[in-house]
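The values are calculated or read from the model by the stated rules, or taken from the named source; none is laboratory data. Predicted model only: the values in this text are computed from it and were never measured. We place every Cβ from the backbone using ideal geometry, glycine too, and count neighbours over all the protein chains shown. Surface accessibility is based on the protein's heavy atoms, side chains included, excluding ligands, DNA and RNA. Shrake-Rupley method; radii C 1.70, N 1.55, O 1.52, S 1.80 Å.
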Amino acid sequence: MLPAREANDEACAKLPADIVRQLHVHSHRNEYGTNGRTFHGLKVLIPDGTKVSFADTQPTRDKYGAGQGHYVQSQALGFYELSTGTFEDFRFEHCNTPERAIAIGHMGSNATRSLYMADAGYNGMAFIAISMDKNHELLMPLKNCALAKKFLKAKKRSAVIGIKLSKIHLANYPGHHHLLGTCIKVRLIRTRGTSKLRSQVLITTLIDEVVFGWREVTKLYLQRYCVELAFRHLKTRIGIERIRKRKLLRIEQLLFAAIVLFNLSAALRNRIRRPSLLPEKAGIKLHCFTLCIELVHTFLQAALGPRRGIRKKMDSSLRAIRGCWFIYKPWRAEPRICRTPPSEFSVQKGAEMLTEVETAKFLSVEYEILAQQYGQRE
């Protein structure tokens, strides 16, 4: 006999957050063991961070600190594995913890040689040297600096250069002064430009120009947007931005349970079609990831508390997944996500903003007519 919902909630409240965290790690390991692939022997990880807001209680404030707006915020950093579309690890630290420091800690605990594809916020020769020292590779865009401008003027596609680490490079890394004076080799790659976008300079530790061709590396970096889509699903469909629990234990349980739900949804999507390491060709059909999340959520609800009609709902959702798809167009400004609304904390823009403006103009005209009709305005 299944327990009542209140008894089930009380039992879940006593479950340590470490248990849920281990479940999240196991969900990725199982999927990577089944569908995992590598890029020339390297596991491709995409680190990216975001701010997560909590209820303002003393335990949450002591652990995560007050962020912008005088409410408690945590620095969340996820490590998205590209071949399976799951999160290998997800860390919630104090709001003032730099993302690079969290990434360095993950590199130290990661025993599998990996390629980290980061954004321009991770720029720094010291960060590159530390990743090489931990036997990992790095790929990220180079900020608009003198080195990037000099390389663009040379009009080369790929070039290997040497950088000697100085005190300026290690200013923000007091624990790594043993790297002072070390000469590291990095490779600069110029991407293709278009009529609307300029060429971009990538910096990487993949030195071998024969094994890692510049075309293949630039195509691989185009896949970094996948982590942005994953965060959008976590925030909107799964709702890690709307946690209203006040107990610190319950908050951490729900955070890691959200990552488990995302990983299980990615595992279901992989049974229909596995994501590619390199960008897909234009015109292929991509299935809706939102329905995968809903089906897994329905399945978990049925496992915890079965009710009448749940099996029929699961069957209809599974049929809907195969019928809900869109045509992939890589030249879109933003890759389409089926039925996924914007985040509650994001600024309205684009078509949604235009709709709101048109509605406001229409209502203002109508109110003006009514005011003149009833003599409230001459």
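Side notes on the structure shown:
- Highest mean packing first, where packing is the average number of other Cβ atoms within 10 Å per residue, the peptides 117-123, 262-268 line up as 262-268, 117-123.
- Cα long-axis angle, helix 17-35 against the chain (0 to 90 degrees, to the nearest 10): 70 degrees
- Dimensions of the chain from C-alpha coordinates, computed as largest minus smallest value along each principal axis and given longest first, are 73, 70, 47 Å.
- Proximity of backbone amide H atoms, modeled 1.01 Å from N, is registered between F39 and V44 at under 5 Å, excluding neighbours fewer than 5 places apart on the same chain.
- Computed 3J(HN,Hα) for region 166-181, one whole-Hz value per residue from the Karplus formula 6.51 cos²θ - 1.76 cosθ + 1.60 where θ = phi - 60°, is 10, 5, 5, 4, 9, 4, 9, 10, x, x, 10, 6, 5, 8, 4, x, glycine and proline marked x.
- 0 to 90° range, to nearest 10: angle between helix 248-272 axis and the chain longest Cα axis: 80 degrees
- Table column - 3J(HN,Hα) (Hz), region 117-133, Karplus curve with 6.51, -1.76, 1.60, x for Gly and Pro: 9, 10, 8, 5, x, 8, 4, x, 5, 5, 5, 5, 5, 5, 5, 5, 5
- For A159, the residues whose modelled amide H falls within less than 5 Å of its own, excluding neighbours fewer than 5 places apart on the same chain, are L188.
- Of all accessible heavy-atom area on the chain, the percent that carbon and sulfur account for (1.4 Å): 54 percent
- What the phi angles of region 77-83 give under the Karplus curve with 6.51, -1.76 and 1.60, with θ = phi - 60°, is a coupling list of 10, x, 10, 8, 8, 6, 5 Hz, glycine and proline written as x.
- Candidates M107, N135, T57 compared by Cα position along the dipole of the chain: farthest toward the positive end lies N135, with charges placed on Cβ.
- Calculation over all alpha carbon pairs of region 62-121 in 10 angstrom steps from 0 returns a P(r) of 20, 47, 26, 7, 0 percent.
- Degrees between helix 351-373 axis and first principal axis of the chain (Cα, 0 to 90, nearest 10): 40 degrees
- Cα Rg, Dmax (largest Cα-Cα span) when computed across region 187-270, Å: 19.0, 55
- Dimensions of region 30-80 based on its C-alpha atoms, expressed as ranges along the principal axes with the largest first, amount to 46, 20, 13 Å.
- Over all distinct Cα-Cα pairs of region 246-331, the Kirkwood formula returns a hydrodynamic radius of 14.7 Å.
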